[in-house]
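Colleague: Below: one structure in structure tokens.
The values are calculated or read from the model by the stated rules, or taken from the named source; none is laboratory data. Bear in mind the structure is a predicted one, so any value in this text is a computation, not a measurement. Note that we place each Cβ from the backbone using ideal geometry, even for glycine, and neighbour counts take in every protein chain shown. The protein model used for the area step is the full one, side chains on, heavy atoms only, and it has no ligands, DNA or RNA in it. Shrake-Rupley method; radii C 1.70, N 1.55, O 1.52, S 1.80 Å.
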Amino acid sequence: MSSIRKLPSRPATLAPDLPPFADDHVMRSILDAMPMRVSYFDPQRRFRYNNREFYNFMRLTPEETLGRTVAQVVGRKASLETRPQVEAVRRGETTRTQSWRYYEGIGRRFVESVFMPLFHPDGSLDGYFALVRDLTEVEQQKEEALRRSQYLVGVLGEIDDAVSIFDADMRLIMCNAGYMEMLGYPAELNVPGTELASFVRHRLERGIFHGSENANQPLEKMVADRVNLQRNLKTAINEIWHHEGRWLEIRRRRLPDGSLLSTQTDITAKYEAERARRDQRAALRRLEQMEASSILLAGVGHEINNPLAAIIAQAGLLARNAEGTDLGRRLDMIREAAERCGKIVHSLMRGVRRREQRYEAVDIPAMLQLALDLAWNGTTPFGLNITTHIAANLPKPFGDPEQIAHIMSNLVSNATQALESADLQRPKMLCISAEIVDTDIVIRVVDNGPGIAPEIKERIFDPFFSTKPPEKGTGVGLALCRALARAHGGSLVVEDTPGGGATFVLRLPLSG
């Protein structure tokens with residue numbers, strides 16, 4: 001219940017039976033025009049006068065109110081609520097209160113009321129004025145704002161992000177526990193009105209610097225520069241900050257009232273996951289390079305070994321026919337040099353031999369998701385209609401998950417590039433499916449792009465054959481994919497897509 005505030009008394013000379021303004025037309029007009037309820041009561045709390053606002057609010061007439069008591073007109077509850085002010089009036093005091101008040105037939109209203117006594121010349125009480133101003137809507141807005149503020153504080157207290165709001169003068173409006181804990185601020189700083197400079201100074205004194213801050217500058221200059229930077233911020237900004245082994249994403253935005261909202265999110269797990277994904281992609285790229293080198297050296301070795309074998313055989317045959325002669329010795333030298341060349345080729349091929357293949361159960365849906373991440377760097381290409389059809393409860397074939405993921409990422413990447421570069425008059429479609437057919441897992445990558453000319457369908461699997469520009473491809477990708485498929489006991493072929501396009505079919509046996 002709100003307290004009663006005394007106001008200066010205003011004694012006046014009054015007639016003994018009627019209010020002094022009862023016959024004053026000008027005064028009554030003024031009172032009727034007032035936006036507050038005005039009533040005059042005798043010492044027994046009977047109504048002697050009410051202005052127009054009172055009758056409009058109460059929905060009553062003068063005949064229903066004048067001469068009746070407060071309890072009879074507005075209800076016993078309202079009468080009891082105003083009794084302390086009436087007692088103060090009888091002591092000659094003018095009071096002002098603000099409180100919720102119940103009106104019978106109307107309900108609760110928040111009002112500001114002033115009770116002011118009027119006296120006879122002999123000092124006896126003639127009666128008192130009650131001036132009542134309705135502030136219900138204002139109070140409801142204040143209470144709603146308070147509820148929202150409490151709700152906001154509750155929500156912010158439950159999230160892990162650090163959140164702070166500073167006003168246009170860079171003084172704290174509010175912050176959550178995460179803001180205080182993330183940088184180890186003391187509790188005494190968490191007081192509305194605390195200057196941003198105090199937070200910045202506390203951070204710098206503990207040797208915690210943002211990347212743009214120069215630790216060699218004087219402390220107070222660094223504090224002033226940081227505060228001015230945030231005070232003058234016009235647009236929203238994001239920055240990444242590495243602090244004590246954690247990666248934080250900081251977002252700052254100017255609110256319409258000029259205050260500054262800042263949030264700091266710990267993205268360490270996301271950052272580390274992205275770094276692991278990048279490392280995995282790099283590892284697969286290295287694997288591709290190694291496999292490409294293996295294919296190249298295998299081809300070169302095969303091409304060299306055949307003529308070397310002929311040289312060794314022919315030199316040996318001729319040496320036997322010319323044994324004991326100078327020509328025989330020279331032929332032996334040719335044969336020995338050719339054998340050394342063979343050993344060098346064998347040594348090189350052994351040095352770049354692929355790593356030992358792993359054999360484990362391959363989760364096809366997880367492998368396909370990894371392949372898509374590798375092919376698209378975690379971002380789905382814009383403008384492509386992409387669908388997947390993965391049969392439920394697929395069995396897990398045995399093989400090397402990384403190598404199979406590499407095959408699929410290469411196929412998806414090729415199909416994406418073909419669709420992106422094609423000038424099609426129809427929507428660009430890419431579909432990936434996986435199902436079991438007989439004793440094989442069959443995975444298809446289907447696109448409706450330009451397709452592959454019949455005369456080069458098999459050549460696309462040859463090492464170093466490519467239809468792409470030099471900066472787009474080396475011609476070893478599909479050759480390596482087919483080699484890896486065959487190493488798993490499977491196959492990789494290309495078919496036409498009905499209506500136009502290409503379909504790559506990877507088969508993996510369920511039993512090794």
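Colleague: Hey, among the residues in the range 58-91 that are touching a residue at least 60 places away in the same chain (Cβ under 8 Å) and touching a strand residue (DSSP E or B) at 6+ places or on another chain (Cβ under 6 Å), which one's farthest from residue 38 (Cα to Cα)?
Modeller: Applying the first criterion (touching a residue at least 60 places away in the same chain (Cβ under 8 Å)) to the range 58-91 yields 84-85, 88.
From what is left, the residues that are touching a strand residue (DSSP E or B) at 6+ places or on another chain (Cβ under 6 Å) are 85, 88.
Working: 85: 15, 88: 18 Å.
Once the filter is applied, the top-ranked residue is 88.
Colleague: Another question about this same structure. So which residues in the range 32-55 are touching a Lys or Arg at 6+ places or on another chain (Cβ under 6 Å), among the charged types (D, E, K, R) and under 17 Å from residue 82 (Cα atoms), if there are any at all?
Modeller: Answer for the range 32-55, where residues must be touching a Lys or Arg at 6+ places or on another chain (Cβ under 6 Å), among the charged types (D, E, K, R) and under 17 Å from residue 82 (Cα atoms): just 42.
Colleague: Next question. Six or more apart or on different chains, Cβ atoms under 8 Å: show the pairs whose first residue is in the range 304-315 and under 12 Å from residue 336 (Cα atoms) and open to solvent by less than 60 Å² (accessible area, probe 1.4 Å) and whose second is of a type in the set (A, V, I, L, M, F, W, C) and at pLDDT 75 or above.
Modeller: 308/338; 308/341; 312/338; 315/331; 315/334; 315/338
Colleague: Next question. Enumerate the strands (runs of 3 or more DSSP E) found wholly within the range 119-228, keeping only those where 2 or more residues are within 30 Å of residue 84 (Cα to Cα) and modelled with pLDDT of 90 or more.
Modeller: Details: elements: 125-134, 162-166, 172-175.
Correct list: 125-134.
Colleague: Taking the conditions exactly as written (surrounded by 14 or more Cβ atoms within 10 Å (Cβ to Cβ) and either under 20 Å from residue 481 (Cα atoms) or not acidic (Asp, Glu) (or both)), does residue 456 satisfy them or not?
Modeller: On the way: surrounded by 14 or more Cβ atoms within 10 Å (Cβ to Cβ): no; either under 20 Å from residue 481 (Cα atoms) or not acidic (Asp, Glu) (or both): yes.
No.
Colleague: Considering each residue of the range 33-82, count those that are open to solvent by 20 Å² or more (accessible area, probe 1.4 Å), in contact with a Phe, Trp or Tyr (Cβ under 9 Å, 6 or more places away or on another chain) and of a type in the set (Phe, Trp, Tyr), and give that number.
Modeller: Qualifying residue count for the region: 1.
Colleague: Condition first: in a loop (DSSP other than H, G, I, E, B), open to solvent by 60 Å² or more (accessible area, probe 1.4 Å) and either without any contact (Cβ under 8 Å) to a residue 60 or more places away in the chain or touching an Asp or Glu at 6+ places or on another chain (Cβ under 9 Å) (or both). Now tell me which residues in the range 400-447 satisfy that.
Modeller: The initial filter retains those residues of the range 400-447 that are in a loop (DSSP other than H, G, I, E, B), namely 400, 422-428, 438-439.
Cutting the leftovers down to open to solvent by 60 Å² or more (accessible area, probe 1.4 Å) gives us 423, 425-427, 438-439.
Across the range 400-447, the qualifying residues are 423, 425, 426, 427, 438.
Colleague: Under 6 Å between Cβ atoms, which residue pairs at least 6 apart in sequence (or on different chains) link something in the range 165-182 that is touching a residue at least 12 places away in the same chain (Cβ under 8 Å) with a partner that is of a type in the set (Lys, Arg) and open to solvent by 20 Å² or more (accessible area, probe 1.4 Å)?
Modeller: 170/231
Colleague: For the subset of the range 65-109 comprising residues that are β-branched (Val, Ile, Thr) and part of a loop (DSSP other than H, G, I, E, B), which member is modelled with the highest pLDDT?
Modeller: Step one: filter the range 65-109 for residues β-branched (Val, Ile, Thr), giving 65, 69-70, 73-74, 82, 86, 89, 94-95, 97, 106.
Pick out the ones that are also part of a loop (DSSP other than H, G, I, E, B) and you get 82, 106.
On the way: 82: 88, 106: 82.
Filtering the range 65-109 for residues that are β-branched (Val, Ile, Thr) and part of a loop (DSSP other than H, G, I, E, B), the one modelled with the highest pLDDT comes out as 82.
Colleague: For residues in the range 488-503 being open to solvent by 40 Å² or more (accessible area, probe 1.4 Å) and not in a strand (DSSP E or B), which is modelled with the highest pLDDT?
Modeller: If we take residues in the range 488-503 being open to solvent by 40 Å² or more (accessible area, probe 1.4 Å) and not in a strand (DSSP E or B), then 489 is modelled with the highest pLDDT.
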